Amino acid sequence: MTKSANTMWGGRFAAGPDAIMEAINASIGYDRRLAPQDIAGSRAHAAMLAATGIITDTDAEAIREGLLTVLSEIETGAFPFSTALEDIHMNVEARLRDLIGEPAGRLHTARSRNDQVAVDFRLWVRDQCDQADEALAALQASLLGQADAGVDWVMPGFTHLQTAQPVTWGHHMLAYVEMFARDRSRFADARKRMNTSPLGAAALAGTSFPIDRQMTAEALGFDRPMSNSLDAVADRDFALEFLASASICAMHLSRLAEELVIWSSAQFRFVKMSDKWSTGSSIMPQKRNPDAAELIRAKIGRIFGANVALMTVMKGLPLTYSKDMQEDKEQTFDAADNLMLALAAMTGMVADMTAERENLKAAAASGFSTATDLADWLVRELGLPFRDAHHVTGSLVAMAEGKNCDLPDLTLEDMQTVHDGIRADVFDVLGVENSVASRTSFGGTAPAQVRAQVAHWKEVLK
Ligand code: ARG
């Protein structure tokens, strides 16, 4: 072996790699983040090798001690990372050899970097699922706080971003609580499915050593070992499911962020963002920009991008491991980091914002938001078929538009010129408070319904 050949496989190599080969091949620049998982995996593996008599207890103990030293070196920043050693697996093992000598060489018995990286990355992604769940629960709590404070505050509900029907602030906030609950269940679902251990699949075919895969699976908190060694090293579904869940979650965040951008504008004034979550302009003194909301709105770009990127990397790859799969990590890390950041920012922003009750109410009353209530009244009280009621109401809206007023501002006489059966009690349904109070169907916007949902979520989230 020449001096420059790789110590891990240099046996058959006469020379080391070209500098550019080293640059394209190395993943240590980013997979160093997997160090805690790599060391946990190695400790479980070494303990199992000793328990099955494949290595001695003395060697296993030396490995265990050495790995703890490596971990503390990494934590304190003293660890000498080397690009020549390509990735976290070989960096850790080489350092272990420096520290404890010969026993380090026995750690890789019955193992390959292929099952090693599959374990490390799976453990890392599993942890991200847990973190996402925690962050989502905190966001739900923020939204619930808003819902609780304004459970019966009236605001316009929109379709096509056109005023549709009055709804309550609490109802609107709880819509997001529901979305984020589905996100939590997606992460939980993915976590459950990914929680099986690839360790012991070795390079791809399993091993002739009498290993105990159940033991390593248990030590690492997995439910069981994966049943097919080829699948174990070739599978990246766990990362894809995490990214898919993250993408949907980021999409939800972007919708809420968009609403906050619109609502905090001078034209809407539905919410006032706290100073803590706003920025000013260097030239326009009046500005209060919702930068955090805008950035959250944008995060879906890189998060869904990571999802598409990994799907594309995996597409068409023959079994089992191919080096293409090293491209699984960087974007997953980036997506996870940005999802967590976006969730934390949204949680703080929602908690600190103030809903402008009066503005919400004024907006709710404009734009003929109770036209449906009027049509329903015509059906209920005068027995009109809904289509006719719709037509009559349309004429009344046109009349109000012509007079530049809202529906409740029309006089009874005005209304009777359109339909002579209309009575004074029609005005009861034209008020926005009455409108929302009447929507008592399950899941509807009536404060009674919303209060019940708030109570439900308080119970769930406590
Ligand atoms: N750094 C590699 C990765 O992230 C580890 C696995 C390498 N395996 C191999 N057969 N070259 O995928």
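The values are calculated or read from the model by the stated rules, or taken from the named source; none is laboratory data. Please read all numbers here as calculations on a predicted model, not as lab measurements. Backbone-built Cβ (ideal geometry, glycine too); neighbour counts: all protein chains shown. These accessible areas exclude ligands, DNA and RNA; they are computed on the full protein's heavy atoms, side chains included. Shrake-Rupley method; radii C 1.70, N 1.55, O 1.52, S 1.80 Å.
Key figures
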| quantity | calculated |
| --- | --- |
| Residue count for the stretch 49-61, restricted to those that are within 17 Å of residue 105 (Cβ to Cβ), in contact (Cβ under 8 Å) with a residue 24 or more places away in the chain and touching an Asp or Glu at 6+ places or on another chain (Cβ under 9 Å) | 2 |
| Candidates 32, 64, filtered to the one that is under 32 Å from the mean Cα position of the chain (by Cα) and either part of a helix (DSSP H, G or I) or in contact (Cβ under 8 Å) with a residue 24 or more places away in the chain (or both) | 32 |
| Hits in the stretch 438-462 - residues which are within 30 Å of the chain's Cα centre (by Cα) and open to solvent by 50 Å² or more (accessible area, probe 1.4 Å) | 442, 451, 452, 455, 456, 458, 459, 460, 462 |
| Residue that is nearest to the ligand (Cβ to nearest atom), among those in the stretch 80-92 that are more than 20 Å from residue 121 (Cβ to Cβ) and not hydroxyl-bearing (Ser, Thr, Tyr) | 84 |
| Qualifying residue in the stretch 327-343 (condition: surrounded by fewer than 19 Cβ atoms within 10 Å (Cβ to Cβ), within 27 Å of residue 228 (Cβ to Cβ) and within 12 Å of the ligand (Cβ to nearest atom)) | yes |
| Residue satisfying all of: in the stretch 222-274; out of contact with any strand residue (DSSP E or B) (no Cβ under 9 Å at 6 or more places or on another chain) and part of a loop (DSSP other than H, G, I, E, B); nearest to residue 319 (Cα to Cα) among these | 235 |
| Those residues of the stretch 234-286 which are hydroxyl-bearing (Ser, Thr, Tyr) and open to solvent by 60 Å² or more (accessible area, probe 1.4 Å), in sequence order | 282 |
| Residue count for the stretch 276-314, restricted to those that are touching a residue at least 12 places away in the same chain (Cβ under 8 Å), out of contact with any Pro (no Cβ under 8 Å at 6 or more places or on another chain) and in a helix (DSSP H, G or I) | 22 |
| Filtered residues of the stretch 185-214 (kept if hydrophobic (A, V, I, L, M, F, W, C) and within 16 Å of the ligand (Cβ to nearest atom)) | 199, 201, 202, 203, 204, 205 |
| Selection from the stretch 48-66 of residues that are surrounded by 15 or more Cβ atoms within 10 Å (Cβ to Cβ) and either on the phi > 0 side of the Ramachandran plot or touching a Ser or Thr at 6+ places or on another chain (Cβ under 8 Å) (or both) | 48, 49, 50, 54, 55, 63 |
| Residues that are within 15 Å of residue 40 (Cβ to Cβ) and under 36 Å from the mean Cα position of the chain (by Cα), drawn from the stretch 70-111 | 70, 71, 72, 74, 75, 88, 89, 92, 93, 111 |
| Pairs with Cβ under 6 Å, 6+ apart, first in the stretch 74-102 and within 11 Å of residue 32 (Cβ to Cβ) and modelled with pLDDT of 95 or more, second in a helix (DSSP H, G or I) and more than 16 Å from the ligand (Cβ to nearest atom) | 79/73; 92/70 |
| In the stretch 189-212, the residues that are more than 14 Å from residue 123 (Cα to Cα) and surrounded by fewer than 22 Cβ atoms within 10 Å (Cβ to Cβ) | 189, 203, 204, 205, 206, 207, 208, 209, 210, 212 |
| Top-ranked residue in the stretch 19-47 [being surrounded by 17 or more Cβ atoms within 10 Å (Cβ to Cβ) and of a type in the set (Val, Ile, Thr); ranked as farthest from the ligand (Cβ to nearest atom)] | 39 |
| Neighbours by Cβ (under 7 Å, 6+ apart or cross-chain): first from the stretch 379-405, open to solvent by 40 Å² or more (accessible area, probe 1.4 Å); second of a type in the set (Phe, Trp, Tyr) | 379/386 |
| Flag if residue 144 is open to solvent by 10 Å² or more (accessible area, probe 1.4 Å), of a type in the set (A, V, I, L, M, F, W, C) and either touching a strand residue (DSSP E or B) at 6+ places or on another chain (Cβ under 6 Å) or under 28 Å from residue 321 (Cβ atoms) (or both) | no |
| Some residue of the stretch 315-324 being within 16 Å of the ligand (Cβ to nearest atom), in a loop (DSSP other than H, G, I, E, B) and open to solvent by 70 Å² or more (accessible area, probe 1.4 Å) | yes |
| Condition check for residue 16: assigned to a loop (DSSP other than H, G, I, E, B), open to solvent by 20 Å² or more (accessible area, probe 1.4 Å) and either among the hydroxyl-bearing types (Ser, Thr, Tyr) or in contact (Cβ under 8 Å) with a residue 24 or more places away in the chain (or both) | yes |
| Which listed residue, of 60, 51, is out of contact with any Lys or Arg (no Cβ under 9 Å at 6 or more places or on another chain) and at pLDDT 95 or above | 51 |
| Residue in the stretch 414-427 that is more than 19 Å from residue 145 (Cβ to Cβ), in contact (Cβ under 8 Å) with a residue 12 or more places away in the chain and within 43 Å of the chain's Cα centre (by Cα) present | no |
| Enumeration of residues in the stretch 103-161 that are part of a helix (DSSP H, G or I), within 16 Å of the ligand (Cβ to nearest atom) and hydrophobic (A, V, I, L, M, F, W, C) | 117, 118, 119, 121, 123, 124, 125 |
